[in-house]
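To keep things clear, I will list the structure first and then write my remarks on it.
The values are calculated or read from the model by the stated rules, or taken from the named source; none is laboratory data. Nothing here was measured: the structure is a model prediction, and the numbers come from that model. We place every Cβ from the backbone using ideal geometry, glycine too, and count neighbours over all the protein chains shown. For the accessible areas, the whole protein counts, side chains as well, though only heavy atoms, and no ligand, DNA or RNA atoms are used. Shrake-Rupley method; radii C 1.70, N 1.55, O 1.52, S 1.80 Å.
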Amino acid sequence: MIPTSLARNLRFPAIAAPMFLVSGPELVISTCKAGMIGTFPALNQRTTEGYEDWLNTIEAALGDQDASFGVNMIVHPTNSRLLADMQVTVKHKVPLVITSLGAVKDVVDAVHGYGGVVFHDIINARHARKAMEAGVDGLILVSAGAGGHAGNQHPFALLNEVRQFFKGTIILSGALSTGQDVAAALMAGADLGYMGTRFIATTEAQADPGYKQMLIDTTAKDITYTDAISGINANFLTPSLVANGLDPTAAKDPHHKIDMDEELNPEAKAWKTIWSAGQGVGSIHEVLPVAELVSRLQQEFNSAAQVFASKARDFN
Ligand SMILES: Cc1cc2nc3c(=O)[nH]c(=O)nc-3n(C[C@H](O)[C@H](O)[C@H](O)COP(=O)(O)O)c2cc1C
């Protein structure tokens, strides 16, 4: 089930996932106007005041016909801005809060207090159970092949396990690149798809033109899964590792621990010049404006539904 507040004006059943350094107000506004849920990480602004400026910009641009938006909060002891950012989130009654790394009841209660919805990122059933105990409304199943901090479990395996004990909203993530992929996610039992990498290759994404071009030039074989960059396993474009003098086959650095305050540092190399992407890159052939991309996704979704209905008839 999709929570009622998020189902309003939703014309494509998916969320454009929050992406560090990539998602900003332009991407969020265009996505919501196209009828899909737009999101951004609060940490994409360097200060809490900057975060609130972005919320003001987004709220002023969105109207009664547009889909809802959300923000991503990194719930980790090294994120020293969490409390201040949460106060701003509550003040603005942000419709959707996506929590990553930690699922904390206080954060969930604060969002529920104003009628908001909380979805939480997980990569395995153990994390899913912990988030369920914290009272989240939905779970984002970040499966193998996803951009960013991906898991390593097959989407069907993870979905089927989580479905057995979690009755809330299920959002499936990991290399969803086309409308067919989102249709398949719904067919497998998810309520919503979650697309990151595909939205980097849009006019509105705040990504370097060289990054967008690299998405066009690469395929799944060019993705390296490593914990050497941020201390947590994530998928990166191999050519960007090589361009930064890193050997993708080298031993991992077990001493590198995640530190969000370090990642906030504008000089931080990780993520800025070492570019993350999921295995879905092989489906990206051009940079499109968000409106055009979502319209294409809707057509692909509808045609996949028709093809499936016709194939299913053959077996009934
Ligand atoms: C460049 C990049 C940055 C990301 N940054 C974040 C982030 O800050 N917070 C977060 O929750 N997820 C982040 N993710 C993960 C996405 O939200 C999403 O789970 C993932 O992109 C979905 O897989 P896909 O890229 O294969 O579609 C990031 C992904 C990418 C590609």
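Miscellaneous remarks
- Residue in the range 74-82 that is more than 13 Å from the ligand (Cβ to nearest atom) and under 19 Å from Ser23 (Cα atoms) present: yes
- Residue match in the range 282-296 (condition: at pLDDT below 90 and not basic (Lys, Arg)): no
- Residues considered: Gly148, Gly179, Gly113. Of these, the only one that is more than 27 Å from Gln279 (Cα to Cα) and not aliphatic (A, V, I, L, M) is Gly113.
- The range 169-181 residues that are at negative phi and β-branched (Val, Ile, Thr), paired with ones that are assigned to a loop (DSSP other than H, G, I, E, B) and crowded, with 24+ Cβ neighbours inside 10 Å (beta carbon under 8 Å, 6 or more apart): Ile170/Ala190; Ile171/Ala190
- Test result for Leu186, open to solvent by less than 40 Å² (accessible area, probe 1.4 Å) and of a type in the set (A, V, I, L, M, F, W, C): no
- Among the candidates Val22, Val71, Val88, residue that is within 20 Å of Gly115 (Cα to Cα) and within 12 Å of the ligand (Cβ to nearest atom): Val71
- Screening the range 195-254 for residues that are assigned to a strand (DSSP E or B) and outside the structural domain of Gly38 (by TED's automatic domain parsing) and picking the one that is surrounded by the fewest Cβ atoms within 10 Å (Cβ to Cβ) gives Tyr225.
- Pairs meeting the criteria (first residue in the range 303-316 and open to solvent by less than 50 Å² (accessible area, probe 1.4 Å), second residue polar (S, T, N, Q), beta carbons under 7 Å, at least 6 apart or on different chains) are Ala304/Gln180.
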